[in-house]
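To start, the structure under review is shown below, and the notes come after it.
The values are calculated or read from the model by the stated rules, or taken from the named source; none is laboratory data. Everything quoted here is computed from the prediction, not taken from an experiment. Cβ: placed from backbone, ideal geometry, glycine included. Neighbour counts: every protein chain shown.
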Amino acid sequence: MTKRLLALSAAACLALAAASLLIAAEPVYDAWAWLVWGRELAHLGLDSSSGPSWKPLPVLIAAPLSLAGDAAPTLWLLIVRTAWLMSLVLAGALAHRLTAGHDRRLRLAAGGFAALSLALLSDDVTLWARQGAAGMSEPLLVALVLGAIAAALDGRSRTALALGALAALVRPEAWPLLGAYGIWRWRAEPALRPWLAGAAAAVAALWVVPGLLSTEGAASAGERARRGSGGAAHDLYEALGRAAVLPLLAAWPLALIAGARARAPERGPVRVLAAGALAWIAIVAVMAAAGFPGLPRFMAPAAAIIGVLGGIGLAALLAARRSRPVLWLILPLAIATVVQLALRAEELPRSLSITARIAREHDRLAALTRSIGRDRLLRCGRLATSDVLVRTALAWELDAALSEIVSFGAPSLSSGAFVVGPQAPWPVRPFLRAHGVLLGTRGEWLVYSVGCPATGAALSSSSARPRIAGVSGALR
């Protein structure tokens, strides 16, 4: 892809992403946390002791965005949605590039298959389209990984290194692959060694130092990322199963064809990409067996590459379509692809519908908290919410640390303000009606005060805070 075409594609993706904000603009749990941490970082203070697991790049992006005030969440969504769209362009461009020996129509078919396979990834936990719409980090990660691959193929080692290092600031699965690339370039390009050393030091520092500065120590982010499991073997099997269904199913046999029939100039890169994708999946699976979540979205870069290889294999298969055995292979793959395209395309409207519904709910919650006021909500200590997934949004709205907002799943005799939402367990509402004072209501949201005087200074010491059973994060 030429620089001019890349710039035009980026501009088009930016315009489409901006237009999409008119439909719905509401980040998810993790994104709100990054915005809170970014705001704290911009003011030279950072409390990462509570919230989701730490990711350096989103926080580094959120820090300057936070200077835009209330526009920061919208700007974050604009960046992620642009990256989501650009990842489709980059996937198609890679498949198109690696089929240079075929005619134009076959190359376009390869690019189209790669882009479609990525656009319609099957994530049974969080719909892939929603990940882009709601500001999750994986669309940004996929765009960075594909951009790094394209730069490496062009021989632009510094650009590839920079993009790879940024990807390594989003997911730890990128570390071994970035290390392998670094070792290779260390030997081949001595002039690049200072850049390689600097990238390694920066990636390590940005992951470790914030943990050291937090009140829970360096291991806190890793501990929050871990979760209970059904056993190492079960989690390993589950992660591999999720990886298998992420791209279009036809991508897997087509990727095998790509490895076997790729033409001489592209054969090396195709096989390296295949090895890298399988290595990424293996890393996620091993981490899942070790107790970390093996969520489908963690394997999105590998699935994107499998889709690219599938496009290359499709071009090779169509080039040999006059052979009778090949015709028998094309037919079932075509049927499977058409059926999957129809089924997965149905998820796109559902993703937008979910995003729009959550945006409306959060808009009402934000309006309610503004009408009550920060002082009244935090006067008697930490604010508690029945809906854990709005903890981080409340922290952003109230300009509070994440540790100041907790969640509860059962009635509590502790004093303070309680936000009750649509996910609240049944006993919570009658208990708060009987023991609390209603501060305000809007739509599905209610806010009660329990045992908190109408006036008085906000509690500032940790010993004075109410003892509310809560959680420090959510699996997203």
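Those residues that are aliphatic (A, V, I, L, M) and either surrounded by 17 or more Cβ atoms within 10 Å (Cβ to Cβ) or modelled with pLDDT under 70 (or both), I need them from segment 201-244; list them, please. First the steps, then the outcome.
Taking segment 201-244 and keeping what is aliphatic (A, V, I, L, M), we get 201-206, 208-209, 212-213, 218-219, 221, 225, 232-233, 236, 239-240, 243-244.
If the condition is that a residue be aliphatic (A, V, I, L, M) and either surrounded by 17 or more Cβ atoms within 10 Å (Cβ to Cβ) or modelled with pLDDT under 70 (or both), then 203, 206, 213, 218, 219, 221, 225, 236, 239, 243 are the ones that fit.
Please enumerate the residues belonging to segment 80-105 that are assigned to a helix (DSSP H, G or I) and β-branched (Val, Ile, Thr).
Keep residues of segment 80-105 that are assigned to a helix (DSSP H, G or I), which gives 80-97, 104-105.
Correct list: 80, 82, 89.
Applying the selection to segment 293-313, what residues are surrounded by fewer than 24 Cβ atoms within 10 Å (Cβ to Cβ) and either outside the structural domain of residue 236 (by TED's automatic domain parsing) or within 9 Å of residue 235 (Cα to Cα) (or both)?
293
Failed condition for residue 36, given (1) in contact (Cβ under 8 Å) with a residue 12 or more places away in the chain; (2) farther than 29 Å from residue 248 by Cβ; (3) not in a helix (DSSP H, G or I), with all others met?
Tallying (1) in contact (Cβ under 8 Å) with a residue 12 or more places away in the chain; (2) farther than 29 Å from residue 248 by Cβ; (3) not in a helix (DSSP H, G or I), residue 36 fails exactly one: (3).
Out of (1) surrounded by fewer than 24 Cβ atoms within 10 Å (Cβ to Cβ); (2) modelled with pLDDT of 95 or more; (3) over 23 Å from residue 18 (Cα atoms), what's the single condition that is false for residue 44?
(2)
Which residues, taken from segment 432-457, are surrounded by 19 or more Cβ atoms within 10 Å (Cβ to Cβ) and either assigned to a loop (DSSP other than H, G, I, E, B) or among the hydroxyl-bearing types (Ser, Thr, Tyr) (or both)?
If the condition is that a residue be surrounded by 19 or more Cβ atoms within 10 Å (Cβ to Cβ) and either assigned to a loop (DSSP other than H, G, I, E, B) or among the hydroxyl-bearing types (Ser, Thr, Tyr) (or both), then 436, 448, 449, 452 are the ones that fit.
Among (1) part of a helix (DSSP H, G or I); (2) surrounded by fewer than 19 Cβ atoms within 10 Å (Cβ to Cβ); (3) aliphatic (A, V, I, L, M), where does residue 285 come up short?
(2)
Could you figure out which of (1) part of a strand (DSSP E or B); (2) free of Cβ contacts under 8 Å to residues at least 60 places away in the same chain isn't true of residue 429?
(1)
I need the helices (runs of 4 or more DSSP H) fully contained in segment 297-387, keeping only those with at least 1 residues that are touching a helix residue (DSSP H, G or I) at 6+ places or on another chain (Cβ under 6 Å) and of a type outside the set (A, V, I, L, M, F, W, C).
On the way: elements: 300-319, 324-345, 347-372, 374-378.
Once the helices (runs of 4 or more DSSP H) in segment 297-387 are filtered for at least 1 residues that are touching a helix residue (DSSP H, G or I) at 6+ places or on another chain (Cβ under 6 Å) and of a type outside the set (A, V, I, L, M, F, W, C), what remains is 300-319, 347-372.
Restricting to segment 229-277, name every residue that is of a type in the set (A, V, I, L, M) and part of a loop (DSSP other than H, G, I, E, B).
Filtering segment 229-277 down to residues of a type in the set (A, V, I, L, M) leaves 232-233, 236, 239-240, 243-246, 248-251, 254-258, 260, 262, 264, 270, 272-275, 277.
Result: 246, 248, 249, 250, 262.
Contact list please: Cβ distance under 7 Å, first residue in segment 241-268 and more than 16 Å from residue 338 (Cα to Cα), second residue aromatic (Phe, Trp, Tyr), pairs at least six apart or on different chains.
Taking only residues 6 or more apart or on different chains, not a single pair turns up.
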